[in-house]
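Novice: Structure in structure tokens, see below.
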Amino acid sequence: MNTKRLAVFISGRGSNFRAIHDKVKKGIIRGKIVVIISDNSAAPGLEYARSAGIRTAVFEKKREESRDAYFERILTLLERESVDGIVLAGFMKVLSRNFIHRYPNRILNIHPALLPSFPGVEAQKQAFEYGVKYSGCTVHFVDDGVDTGPVILQEIVPVLEDDDEHTLADRILEKEHTIYPKALQYFCEDRLEVQGRRVFVRPEGS
Ligand code: GRF
């Protein structure tokens, strides 16, 4: 099995990226992070990438540029780097259709709620304000919709009486740092099998 070449997309602090990189360094994820891509040159996660010796590429969207043209620029780099898997880790732009279709079931995303509940932005706040007793996080493949792709892994986080949206978000983030590396581990071992909307994790060595 070849080591998967991964591109990680961030827009901000990059804590999921760091959790993933940690598992790559330990050899638990059989992948190589070949590039960190950000739409925001001020993303704190870029600093970490540089200090870890990982290549970074900033793609700021030009005002007059279409979504398609913007993502074509990124695709050129990904193809040059022979990227096998794309890891969205807090990336704040919606991908173009063409981009998604170039990497079917090879783009992963983490969402800080139990999908299909609370898709979109500020998911932790949405869940908190709705008053649910349990929320959590979801790793899923990316399809054409926003946060609608087949679910790979989920983790539950109870909402406590004295929570606010921030304490809840912090506890969800801890779980994100567990399930995202796990899902990527499976992905890099070719153990994820998609059948319609269902994703099966095949046993090791199967
Ligand atoms: C996480 O809450 C993730 O679920 C969401 O964006 C946030 C990114 O955080 N998609 P970080 O940049 O990985 O720290």
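Readers should treat all values here as calculations from the given coordinates under stated rules, not as data from a laboratory. Predicted model only: the values in this text are computed from it and were never measured. As a convention, Cβ positions derive from the backbone with ideal geometry for all residues, glycine included, and neighbour counts pool all protein chains shown.
Novice: Cut-off 10 angstrom, C-alpha nodes, Gaussian network model of the chain. Which of Asn98, Asn40, Asn16 fluctuates the most?
Specialist: Among Asn98, Asn40, Asn16, the largest GNM mean-square fluctuation belongs to Asn98.
Novice: What is the local net charge at Thr138, summed over the other residues whose Cβ is closer than 12 Å to its Cβ (Lys, Arg +1; Asp, Glu -1)?
Specialist: Neighbour charge sum, excluding Thr138 itself: -2.
Novice: Give me the percent of DSSP beta bridges within the range 59-197 that run antiparallel, rounded to the nearest 5.
Specialist: 80 percent
Novice: Whole-Hz Karplus ³J(HN,Hα) for the range 20-28, in order, using 6.51 cos²θ - 1.76 cosθ + 1.60 and θ = phi - 60°, x for Gly and Pro?
Specialist: 3J(HN,Hα) across the range 20-28, in whole Hz: 5, 4, 4, 6, 5, 4, 7, x, 6.
Novice: Taking θ = phi - 60°, what integer Hz values does the Karplus form 6.51 cos²θ - 1.76 cosθ + 1.60 yield along the range 45-60, in sequence order, with x for Gly and Pro?
Specialist: Per residue, the Karplus-derived 3J(HN,Hα) values read x, 5, 4, 4, 4, 4, 5, 8, x, 9, 4, 10, 9, 9, 10, 8 Hz.
Novice: Given an 8 Å cut-off on Cα distances and at least 6 residues of separation, report the relative contact order of the range 67-206 as a percent.
Specialist: 18 percent
Novice: Also, I was wondering about something else. Label-point separation (nm) for Ser66 and Lys133, each offset 7 Å from Cα along Cα-to-Cβ?
Specialist: Output for this residue pair reads 5.0 nm.
Novice: Now for a different question. Select from His111, Pro203, Gly45 the residue farthest towards the positive end of the dipole of the chain; place +1 on Cβ of Lys and Arg, -1 on Cβ of Asp and Glu, and compute about the Cα centre.
Specialist: Projecting each Cα onto the dipole axis, the largest value belongs to Pro203.
Novice: Any chance you could check the Cα centroid distance between the range 18-60 and the range 172-196 for me, in angstrom?
Specialist: Their Cα centres are 18 Å away from one another.
Novice: The range 4-191: percent of C-alpha pairs farther apart than 20 Å?
Specialist: Percentage above 20 Å: 53.
Novice: In what sequence, highest mean first, do 72-85, 112-125 appear when ranked by Cβ atoms within 10 angstrom?
Specialist: Taking the mean over residues of other Cβ atoms within 10 Å, the ranking is 112-125, 72-85.
Novice: Follow-up question, since we're still on this one. Using the crude model of +1 on Lys and Arg Cβ and -1 on Asp and Glu Cβ, and no other charge, please compute the dipole size for the chain relative to its Cα centre, in debye to 20.
Specialist: Charge dipole, the chain, about its Cα centre: 920 debye, nearest 20.
Novice: Now, a different point. By the scheme Lys and Arg +1, Asp and Glu -1, what is the net charge of all other residues having a beta-carbon under 14 Å from that of Ile156?
Specialist: 0
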